[in-house]
Amino acid sequence: MERAESRIIAMSEELRDSISLIDLFEMFPDDDTAEQWFVKSRWPDGIRCAHCDSDNVDTKAKHPTMPYFCNYCGKYFSPKTNSAMHGSKIGYQKWAIAIYLITANIKGVSSMQLHRSIGVTQKTAWYMGHRIREAYKIKSEKFSGEVEVDETFVGGLEKNKHANKKLRAGRGTVGKVPVIGLLERGTNQVITQVVPDTEGETLRPIVYVNTTGNAIVYTDDAYAYRGLRRRGDAVRHGTGEYVNKHAPEVHINGIESFWSIFKRAYKGTFHKISPKHLQRYFNEFTGRHNARSDGAEKKMVNIVRGAVGKRLRYKDLIS
Ligand SMILES: [Zn+2]
């Protein structure tokens with residue numbers, strides 16, 4: 001235990017609030033230092049087995065890539081084991097920089113940008129990006145108090161985009177993928193879910209699952225929300241209303257701002273996202289939004305912790 005522990009303790013105890021490029025290269029000058037940062041981030045209270053969670057661990061294991069051996073279950077492991085980085089041959093320094101870039105950029109990072117920034121192939125960068133996005137997938141608590149609910153459509157042809165509002169009330173639009181979003185005003189936390197259509201039978205249960213019974217829910221006036229078993233009101237966008245003078249709390253401006261951040265990034269960073277992977281991109285944008293007040297290093301540590309148990313095989317990604 002001593003060697004690894006003393007190295008971990010030697011690292012800074014305080015998480016960094018902001019990270020400059022200079023800091024980044026001081027934090028991760030090589031793979032060994034970066035590996036110790038992953039160890040400290042994944043196991044802040046001491047190394048535990050990545051297979052069975054035992055703390056009976058030998059930290060001087062003789063294995064080329066897995067420095068730890070579990071005396072309880074008899075298996076080798078590393079900070080990558082049983083996480084979104086499982087089996088990756090990419091070094092810890094590149095992983096740390098990739099996590100930094102994705103957590104620090106509000107518009108996300110394309111596989112082309114990642115490929116150029118860390119010197120891996122674009123295919124590897126694409127896979128790394130999805131593994132990091134997978135780590136953002138976190139189950140949240142039910143929202144309470146005032147909650148805004150809205151849907152948006154992603155993809156499709158630019159010239160058809162103005163038709164959006166008209167088509168909202170009915171089924172999804174051709175070539176576009178519908179997404180429902182909820183925003184809890186008290187905490188400014190967001191939940192997003194890609195949906196097959198915008199029928200009431202699809203949308204209402206998502207509101208029930210994600211809000212407490214006494215939540216006050218504001219929606220647009222989509223037909224789908226009529227009869228919703230929640231207190232609240234609808235903004236009548238159809239009649240040109242965005243805020244009601246007599247009831248200024250009735251609006252969905254918060255969730256609409258979230259959609260615009262996603263859409264600007266979609267246009268500026270990613271250009272095209274396969275519907276198959278869209279939820280993972282929403283996990284990334286939702287996770288980054290929900291963690292926006294965390295310091296820079298905490299954002300990175302949360303990815304390391306969130307990645308545990310989220311193995312994502314390349315063949316499943318492309319199948
Ligand atoms: Zn074990």
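The values are calculated or read from the model by the stated rules, or taken from the named source; none is laboratory data. Note that the structure is predicted; figures quoted are calculated from it, not measured. Because the Cβ atoms are built from the backbone with ideal geometry, glycine has one as well, and the counts that use them run over all protein chains shown.
Among the numbered conditions (1) within 17 Å of residue 310 (Cα to Cα); (2) of a type in the set (S, T, N, Q); (3) not in a loop (DSSP other than H, G, I, E, B), tell me where residue 88 comes up short. The single condition residue 88 does not satisfy is (3).
Checking the stated criteria, residue 94 turns out not to satisfy the condition of being more than 15 Å from the ligand (Cβ to nearest atom) and modelled with pLDDT under 95. Applying a threshold of 6 Å to beta carbon distances and a minimum spacing of six or more residues, or different chains, the list of pairs starting in the range 298-319 at a residue that is more than 19 Å from residue 139 (Cβ to Cβ) and ending at one that is among the β-branched types (Val, Ile, Thr) and buried (at least 17 other Cβ atoms within 10 Å of the Cβ) reads 300/99; 300/103. For the range 118-134, residues that are of a type outside the set (Ser, Thr, Tyr) and either free of Cβ contacts under 8 Å to residues at least 60 places away in the same chain or not in a helix (DSSP H, G or I) (or both) total 9. Across the range 50-77, the number of residues qualifying as within 13 Å of the ligand (Cβ to nearest atom) and touching a Ser or Thr at 6+ places or on another chain (Cβ under 9 Å) comes to 11.
Residues of the range 72-92 that are of a type in the set (A, V, I, L, M, F, W, C) and closer than 18 Å to residue 127 by Cβ: 84, 85, 90.
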